[in-house]
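Heads up: the structure comes next, in structure tokens.
The values are calculated or read from the model by the stated rules, or taken from the named source; none is laboratory data. Note that this is a predicted model, so its numbers are computed, not measured. For neighbour counting, all protein chains shown are included, and Cβ atoms are generated from backbone atoms with ideal geometry for every residue, glycine included.
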Amino acid sequence: MSLASFLAADKRIVQVRLIRVRGSSPREAGAQMFVSADGTIGTIGGGQLEYMATDHARAMLRSGLHSDKMDVPLGSEIGQCCGGRVEISLQRMTSADRATALAEREASDRQSPCVYILGAGHVGRALARQFQHLPVRCSIIDSRGDELALVDAAVEARLSAMAEADIRRAPKGSAFIVLTHDHALDFLLTSEALERGDAAYVGLIGSATKRAKFERYHRASEARSDTRGLVCPIGATGSPDKRPEVIAAFVVAEVMDVLTTRCAHDVIAETTR
């Protein structure tokens, strides 16, 4: 369920937000969740901390209390072993609060990194199913309408006869996963993604042999881009399991590791300016 649907379903909701974190905690300051009498959306870290906050929020709904705070040590006394301490604000939401929360979510979504899956075959569709649950803007692109029609994930399915143009228009810091139905097209799109010079991740499905062939193609085409940043094979773990869902799990972990590390570096750089 989306945040908009959750907020529209009940007029009595408490916004629960971590406002201060000292020491180790399962979530960072600013993490939030929304609590109604019979549901929640979002998380402040799970476990006993979240149970206590949810219980407190529902007690507020029953009593009519509009705002409150909690100061919780994350130690053995509540059954958690983080060892830090968090302060939580709890606020009954007004119409203005709901509008603000939705605007913040939309802004956050717009700032999420873009992931482009270039090829809507079995592995591409398996990737889309997993990326739909993650904080990214995912698009799956193919020139074959019949394959795109099989995409069942809540991501953008884009029919495109020239995916290289989509790559050129992508935002800075995007991730590109190339796994089309044609090796020549794979090589063209991989070169296009590398040529940008600002991609967070460029991955090409295939073996070490395919990478060697791509390197020869790249040199022959006199491309200026460096291939050292290319990931091929993708999701390389040595696992013999080639089921699309398994391959997708390894690739998603690989891509998210790069994207979240890059995001953390950007945040640190911004705060130290």
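Things worth noting here:
- Output for region 197-218, where each listed residue is under 18 Å from residue 259 (Cα atoms) and buried (at least 16 other Cβ atoms within 10 Å of the Cβ): 199, 200, 201, 202, 203, 204
- Taking every residue in region 221-244 that is farther than 23 Å from residue 258 by Cα and pairing it with any residue that is among the hydroxyl-bearing types (Ser, Thr, Tyr), at least 6 positions away or on another chain, the pairs with Cβ-Cβ distances below 6 Å are 223/191.
- Some residue of region 107-120 being in the same structural domain as residue 155 (by TED's automatic domain parsing), in contact with a His (Cβ under 8 Å, 6 or more places away or on another chain) and farther than 20 Å from residue 1 by Cβ: yes
- Residues in region 24-64 that are crowded, with 16+ Cβ neighbours inside 10 Å, among the hydroxyl-bearing types (Ser, Thr, Tyr) and over 22 Å from residue 8 (Cβ atoms): 25 alone.
- Matching residues in region 197-226 - criterion: being in contact with an Asp or Glu (Cβ under 9 Å, 6 or more places away or on another chain) and under 13 Å from residue 178 (Cβ atoms): 201, 203, 204, 205, 206, 210, 214
- Only helices (runs of 4 or more DSSP H) whose full extent lies in region 124-230 are considered here, and the ones with at least 1 residues that are farther than 22 Å from residue 247 by Cα and touching a Phe, Trp or Tyr at 6+ places or on another chain (Cβ under 9 Å) are 163-169, 183-196, 208-220.
- From the options 211, 262, residue that is in contact with a Cys (Cβ under 6 Å, 6 or more places away or on another chain) and in the same structural domain as residue 144 (by TED's automatic domain parsing): 211
Residues are listed down the side, and each one gets a yes or a no for (1) within 25 Å of residue 26 (Cα to Cα); (2) loosely packed, with under 14 Cβ neighbours inside 10 Å:
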site: 83; (1), (2): yes, yes
site: 90; (1), (2): yes, no
site: 106; (1), (2): yes, yes
site: 137; (1), (2): yes, no
site: 146; (1), (2): no, yes
site: 159; (1), (2): no, yes
site: 175; (1), (2): no, no
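- For residue 80, the conditions (1) modelled with pLDDT of 95 or more; (2) polar (S, T, N, Q); (3) more than 30 Å from residue 132 (Cβ to Cβ) all hold with the exception of (1).
- Criterion: within 16 Å of the chain's Cα centre (by Cα), of a type outside the set (S, T, N, Q), surrounded by 15 or more Cβ atoms within 10 Å (Cβ to Cβ) and closer than 16 Å to residue 248 by Cβ - qualifying residue of 128, 120, 154: 128
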